[in-house]
Amino acid sequence: MEKRKVPISFVETVLENPQQTLQQDEEITIYQSQMDFGTGKLYLGLAEKI
């Protein structure tokens, strides 16, 4: 997150209310949303391993 300068509030928003959720395998869930970063980037995908 630091490397890409993604605010923690964006991460929390996507995890709480993703526009799309994909199950990669039994352990990994991917949460995706389009978000305006103010830099022309509109996409955020997060992977969570359980």
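Anything in the stretch 1-39 that is surrounded by 14 or more Cβ atoms within 10 Å (Cβ to Cβ), aliphatic (A, V, I, L, M) and outside any helix (DSSP H, G or I)? List them, or say none.
Scanning the stretch 1-39 gives VAL6, ILE30, MET35.
May I ask you to list pairs of residues, at least six apart or on different chains, whose Cβ atoms are under 8 Å apart, with the first in the stretch 6-17 being within 19 Å of ILE28 (Cβ to Cβ) and the second being open to solvent by 90 Å² or more (accessible area, probe 1.4 Å)?
As it stands, the answer is VAL11/MET1, since those pairs meet every condition given.
The values are calculated or read from the model by the stated rules, or taken from the named source; none is laboratory data. This structure is a prediction, so every number in the text was calculated from the model and none was measured. All Cβ positions, even for glycine, are placed from backbone atoms using ideal geometry, and neighbour counts span all protein chains on display. Note: accessible area is taken over every heavy atom of the protein model, side chains too, but ligands, DNA and RNA are not part of it. Shrake-Rupley method; radii C 1.70, N 1.55, O 1.52, S 1.80 Å.
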